[in-house]
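One structure below.
Readers should treat all values here as calculations from the given coordinates under stated rules, not as data from a laboratory. Please read all numbers here as calculations on a predicted model, not as lab measurements. So basically every Cβ, Gly included, is an ideal-geometry build from the backbone, and we count neighbours across all protein chains shown.
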Amino acid sequence: MTTKIWINLIILCLPTAASSLSGPAEVKSAVGETVHVSCRYHQFNRDKVKIWCRGYHWYFCTVIIRSDQPKHLTSDVQILDDKNLGLFTVSMKGATAEDSGWYWCAIERASRTLTFRLRLTVSEWLVSRLKTETTKQYNETSTSPTTLTTPRSTPCMTQTTGLISATSNSTSVTVSLDQDDLVWKVWRVLRWMLFLFLCLFLVLFSIRCHR
């Protein structure tokens, strides 16, 4: 009886492992750079079609690229699927501020499409900040190449301060997006609770039947 119970548990847990799809919750990039987003999947889905989709809700998002379509159709966006590592990477060349938004990594299956949502932020201030700090560092080095000065804030520290300041300026936008995301997070928790309850019910039912 114990062996049958363990077999039932293994059968129930296998779909859970095969349904795993993970990636970064948020990706930030500067305007003009190439954005790379990697999503990891189970080896069970190595031969399935990988999808990159844009939109807040999965059922209403716009498919940008699929791994089964010719590469020349979307030269600015590419999918590289490493089946040995169980990792597919989406590359977006020449990112613009308009590319900011919600995106989905997805795997197309016959039973249920696996999805993972993330947020992409492409900012122009990252480019201007890097140019400003590079110019400042060059000017300080050229004017006093051999002069010893007292410790002061370095360009890295100044850049970090700028990052914190820019983050605080965009707090209101982030908070509103997080509030909209609350429903999705609650649904994910409830979904796993229902799954665990179903597993427990089947195990108890199996034990009762074998008494």
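Applying 1/(1 + (r/R0)^6) with r as the Cβ-Cβ distance of Trp125 and Ser91 and R0 = 30 angstrom yields a FRET efficiency of 0.85.
Here the spin labels are modelled as points 7 Å beyond Cα on the Cα-Cβ line, and at Ser111 and Leu198 they lie 0.9 nm apart.
What is the gain in length, in nm to one decimal, between Trp58 and Ser75 on full extension, counting 0.36 nm per residue of separation less the C-alpha to C-alpha distance? Before the final figure, lay out the partial values.
On the way: separation 17, 0.36 × 17 = 6.12 nm, distance 2.38 nm.
Separation in residues times 0.36 nm, less the Cα-Cα distance, equals 3.7 nm.
Once the piece of chain linking Asp82 and Ala30 is laid out straight, how much longer is it, given 0.36 nm per residue of separation minus the C-alpha distance between them?
On the way: separation 52, 0.36 × 52 = 18.72 nm, distance 2.61 nm.
Working it through step by step, the gained length comes to 16.1 nm.
The distance between label points at Leu190 and Ser22 comes to 2.5 nm (points 7 Å beyond Cα on the Cα→Cβ vector). Highest mean packing comes first when the peptides 96-105, 54-63, 80-89, 192-201 are listed by Cβ atoms within 10 Å, giving 96-105, 80-89, 54-63, 192-201. Assign one of three labels to the range 29-101, namely rounded, prolate or oblate, based on the Cα gyration tensor with a ≥ b ≥ c the square roots of its eigenvalues; rounded applies when a/c is under 1.5, prolate when it is not and a/b is larger than b/c, and oblate otherwise. It is prolate, given that a/c is not under 1.5 and a/b is the larger ratio.
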